[in-house]
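*Asks:* Take a look at this one; I'll ask things after.
The values are calculated or read from the model by the stated rules, or taken from the named source; none is laboratory data. Everything numeric here is computed off the predicted structure, so don't read it as measured data. Ideal geometry is used to build each Cβ from the backbone, glycine not excepted, and the neighbour counts take in all protein chains shown.
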Amino acid sequence: MSFTVIGRSTLAFTLCPSVTSFAAIVGKMEGEGPYGKCFDRVEQDAYFGQKTWEAAESSMFKEAVTTAIEKGKFRTGDISFLASGDLLNQCTATGYAARKLAIPYLGLYGACSTMAESLLVASLLISGGAKRGVAATSSHFCSSERQFRFPLEYGSQRPPTSQWTVTGSGAVVLEDKGKGPFITHATIGKVIDAGITDANNMGAAMAPAFCDTLTRHLTALKRKPSDYDLIVSGDLGHLGKKVASDLLKQEYHVNIDEVYTDCGCMIFDNTKQDVHSGGSGCGCSASMLAGYILPEMKKGKLTRVLFIATGALMSPTMSCQGESIPSVAHAIEFNVQSH
């Protein structure tokens, strides 16, 4: 294996997987946000030409994967594996798309942390000898609402702490060699439970997991926040981002404010779009990573980025039983140089 383990669960890759190509496909509302022009395609039809929300998400995911592959000048037969997941039961959006892609498939579930988990698994496979693979995720506002809360027809009221699940999919092609950016390090997250039971306050529930993974990553590599051009969390939203920033200062004595942002705060314009506390869903961080962050690294405008996607490992069943929300966060470090 071409990596070493530092501390308990931080990986340092000696053969650093190279980001070859990427793609992001989003819905109409995401396209109207501040980064709308960054995405490969903005679909005006929420159904993506399909009959159901779930089929729409699957179609969106398939297009993101094929677009990323085509941008790298590959065919699906050139891809050794697809590591991906979504928010639906049994990862049906990505699984049903994979049957058409005919790429060896690993279905993953880490809730909204799935993009970082997919990249981590893909990096391990590349470091172990696989030549080329795709890491990808998706989420869809309508399919997620039906599964986790209420069907749209119900017309339920959303509290200010709630977030808007992003309709979006991001895909990244990784290779065993290339010009980069490179994945140089990763930290596997622990499941952290802050005791929060409100399913409409996921940002606060996930913030402690983000803080734990971030500080373990920094400690293992003996880094400080200023070593990064950007530290970005997956989708804590505006409330969760503030909770994370305050918690880091109070409990860990770490200040990341000068280099810190959150994908859920970036993707929508809160002054013009009624999304309450911001964006969420594993398509949120995936879309911003493939649509904005990695392109900025390719241009040389960002050199070292710490990407930490966060996920609330809840289910409607457990929430109805009064269980609190366990969360996890995985860290992926990108660098324009391999070492």
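*Asks:* Scan the stretch 1-58 residue by residue and report those that are touching a Leu at 6+ places or on another chain (Cβ under 7 Å) and assigned to a loop (DSSP other than H, G, I, E, B).
*Replies:* The answer is Ser2, Pro17.
*Asks:* Cβ-Cβ below 6 Å, separation at least six or inter-chain, first residue in the stretch 28-45 and at pLDDT 95 or above and among the hydroxyl-bearing types (Ser, Thr, Tyr), second assigned to a helix (DSSP H, G or I) and surrounded by 20 or more Cβ atoms within 10 Å (Cβ to Cβ): which pairs?
*Replies:* Going by the 6 Å Cβ cut-off, the qualifying pairs are Tyr35/Tyr292.
*Asks:* Also, I was wondering about something else. Tell me which of these Val5 doesn't satisfy, since it passes every other one: (1) touching a Lys or Arg at 6+ places or on another chain (Cβ under 8 Å); (2) more than 25 Å from Gly300 (Cα to Cα); (3) aliphatic (A, V, I, L, M).
*Replies:* (1)
*Asks:* A follow-up question, please. In the stretch 83-100, which residue that is in contact with a Gly (Cβ under 7 Å, 6 or more places away or on another chain) and either part of a helix (DSSP H, G or I) or among the hydrophobic types (A, V, I, L, M, F, W, C) (or both) is farthest from Pro208 (Cα to Cα)?
*Replies:* Gly95
*Asks:* Let me ask another. Could you tell me whether Phe61 is aromatic (Phe, Trp, Tyr), assigned to a helix (DSSP H, G or I) and modelled with pLDDT of 95 or more?
*Replies:* yes
*Asks:* Listed residues Gly283, Gly240; which is of a type in the set (Gly, Ala, Ser), within 18 Å of the chain's Cα centre (by Cα), closer than 25 Å to Leu221 by Cβ and buried (at least 17 other Cβ atoms within 10 Å of the Cβ)?
*Replies:* Gly240
*Asks:* Taking the stretch 256-265 as the search range and keeping residues that are modelled with pLDDT of 95 or more and of a type in the set (A, V, I, L, M, F, W, C), which one is farthest from Leu294 (Cα to Cα)?
*Replies:* Ile256
*Asks:* Which one of the conditions (1) assigned to a loop (DSSP other than H, G, I, E, B); (2) hydrophobic (A, V, I, L, M, F, W, C); (3) within 16 Å of Cys284 (Cα to Cα) does Ile103 fail to meet, given that it meets all the rest?
*Replies:* For Ile103, the exception is condition (3).
*Asks:* Here's something else I'd like to know. Suppose we keep only residues that are among the hydroxyl-bearing types (Ser, Thr, Tyr) and at pLDDT 95 or above within the stretch 280-324. Which one would you say is farthest from Ser118 (Cα to Cα)?
*Replies:* Thr303
Residues checked against (1) modelled with pLDDT of 95 or more; (2) under 30 Å from Lys37 (Cα atoms):
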position: Pro208; (1), (2): yes, no
position: Asp212; (1), (2): yes, no
position: Asp229; (1), (2): yes, yes
position: Val232; (1), (2): yes, yes
position: Leu247; (1), (2): yes, no
position: Glu251; (1), (2): yes, no
position: Val254; (1), (2): yes, no
position: Gln273; (1), (2): no, yes
position: Gly278; (1), (2): no, yes
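*Asks:* Do we find that Gln90 is surrounded by fewer than 17 Cβ atoms within 10 Å (Cβ to Cβ), over 19 Å from the mean Cα position of the chain (by Cα) and not small (Gly, Ala, Ser) in this structure?
*Replies:* Judged against the criteria, Gln90 is not a match.
*Asks:* For Ser327, indicate whether it is modelled with pLDDT of 95 or more and either assigned by TED's automatic domain parsing to the domain that holds Ala24 or over 25 Å from Met60 (Cα atoms) (or both).
*Replies:* yes
*Asks:* Checking the conditions here, which among Tyr109, Tyr105 is under 19 Å from the mean Cα position of the chain (by Cα) and under 18 Å from Ala130 (Cα atoms)?
*Replies:* Just one listed residue meets the conditions, Tyr105.
*Asks:* Against the condition in contact with an Asp or Glu (Cβ under 7 Å, 6 or more places away or on another chain), touching a residue at least 12 places away in the same chain (Cβ under 8 Å) and not acidic (Asp, Glu), how does Leu248 come out, does it pass?
*Replies:* no
*Asks:* Could you grab me the full set of residues in the stretch 288-339 that are of a type in the set (Val, Ile, Thr) and surrounded by 21 or more Cβ atoms within 10 Å (Cβ to Cβ)?
*Replies:* Ile293, Val305, Ile308, Thr310, Ile325, Val328, Ile332
*Asks:* Right, here's the next one. For the stretch 48-66, check the following and say yes or no: at least one residue is among the basic types (Lys, Arg) and either crowded, with 16+ Cβ neighbours inside 10 Å or under 17 Å from the mean Cα position of the chain (by Cα) (or both).
*Replies:* yes
*Asks:* Could you identify the single residue in Gly77, Gly72, Gly133, Gly95 that is of a type in the set (Gly, Ala, Ser), surrounded by fewer than 17 Cβ atoms within 10 Å (Cβ to Cβ) and modelled with pLDDT of 95 or more?
*Replies:* Unique residue meeting the criteria: Gly77.
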